[in-house]
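Before any comments, here is the structure.
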Amino acid sequence: MPDISLTTVVLLCLAALAAGWIDAVVGGGGLLLLPALLLGLPAGTPAAHALGTNKAVAIVGTTGAAITYARKAPVDVRTAVRIGLAALAGSSGGAFLAAGMSTEVLKPVIMVVLLAVAAFVILRPSFGTAPKPGPVSRRRVLAAIGFGGLGIGFYDGLIGPGTGTFLVLALTALLHLDLVTASATAKIVNCCTNAGALAMFAWQGAVLWQLAGLMAVFNLAGGTLGARTALKKGSGFVRVVLLTVVFALVANMAYEQWLA
């Protein structure tokens, strides 16, 4: 356990709770959780330890959300698992390369990622409001496995924040899903990416297990509650949450980067 104050531990647990809810609704809980860890851990802590601890926390909340979704949402589990296995391989490779990445590199990259997500959603107001009728072609499924699995999985292991959001967007576009079903499918895939990255970080000794265990309890509660909220409120609500979260985080990180 790192030498951090009780106040910081409480704030990190609250961040884990909120991140679990956000991640279950629309993905991207790491956009809150990872910056919180980067700020809360003592100065000089390697960035890989923040990344590894983030994965150990997130996998618990993601699993809880995936189970909640799978019980009620029309998820194609077979396709989700195929994408997830590709994502596991991609995230393991990304995590292997992440050990040498510094915190100063991470923050600007996360900001660019956020702005790209916001621009896409704003320019496509009808995106994900309803599933398109008819079966999905084999080519689209393979594209989802390659891009959504290997590609986004690699990003998840290397950097992480926004992975769930990118998965939701990719699955909605490639598999013609509505946002709620895409969120449900993304949670299954995200479990695999988290597992692959976590295994690599654990092998490198880059996980603060005591802190992660405490934060994971709060992340699980947030993830389960978030999945239930999304199922109840529908795709329109998911879209509003997505935009609200993205803009709030962009504003916060811009302030920290240039004004603080």
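The values are calculated or read from the model by the stated rules, or taken from the named source; none is laboratory data. As the structure is a computational prediction, the values presented were derived from the model and not from experiment. Note that we place each Cβ from the backbone using ideal geometry, even for glycine, and neighbour counts take in every protein chain shown. For accessibility, only protein heavy atoms count, side chains too; no ligands or nucleic acids. Shrake-Rupley method; radii C 1.70, N 1.55, O 1.52, S 1.80 Å.
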Next on the checklist: Rounded to the nearest 10 Å², what accessible area does TYR255 have for a 1.4 Å probe in the complete protein model?
Outcome noted: 120
Checklist outcome for this item: Taking 219-226, 110-117, 142-149, 5-12 and ranking on average Cβ neighbours within 10 Å, highest first, one gets 219-226, 142-149, 110-117, 5-12
Checklist entry - Among rounded, prolate and oblate, which fits region 1-102 when a ≥ b ≥ c are the square roots of the eigenvalues of its C-alpha gyration tensor, a/c under 1.5 means rounded, and a/b larger than b/c means prolate? => result oblate
Next on the checklist: Going by average Cβ density within 10 Å per residue, which order do the peptides 164-172, 23-31 take, highest to lowest?
Outcome noted: 23-31, 164-172
Checklist outcome for this item: One finds the C-alpha centres of region 192-246 and region 4-82 to be spaced, in Å, by 3
Checklist entry - In what sequence, highest mean first, do 207-218, 174-185 appear when ranked by Cβ atoms within 10 angstrom? => result 174-185, 207-218
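Over the chain, average the accessible area per residue using a 1.4 Å probe and give it in Å², no decimals.
Here the per-residue accessible area is 43 Å².
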Checklist outcome for this item: When the chain is treated as a Gaussian network with springs between alpha carbons less than 10 Å apart, the largest mean-square fluctuation among THR244, THR63, THR229 is found at THR244
Item to check | Two-site label geometry, ARG139 and ALA119: point separation in nm, points 7 Å out along Cα→Cβ | outcome: 2.7
Checklist outcome for this item: In Å³ per residue, the alpha-carbon convex hull of region 18-70 encloses 61
Checklist outcome for this item: Per the helix-only model, the chain has a calculated mean residue ellipticity at 222 nm (DSSP H runs of ≥4, -39500 (n - 2.57) each, divided over all residues, rounded to the nearest 500) of -25500 deg cm²/dmol
Next on the checklist: With a 10 Å cut-off between alpha carbons and a GNM built on the chain, which of ALA119, ALA173, ALA87 moves the most?
Outcome noted: ALA119
Next on the checklist: Mean-square fluctuation check for the chain, GNM, Cα pairs under 10 Å: which of GLY93, GLY64, GLY40 is largest?
Outcome noted: GLY40
Next on the checklist: Show me the helices of the chain, taken as full DSSP H stretches, that run 18 Å or more along their long axis by Cα and average 0.5 or above in Kyte-Doolittle hydropathy.
Outcome noted: 6-26, 77-98, 103-123, 179-203, 209-233, 235-254
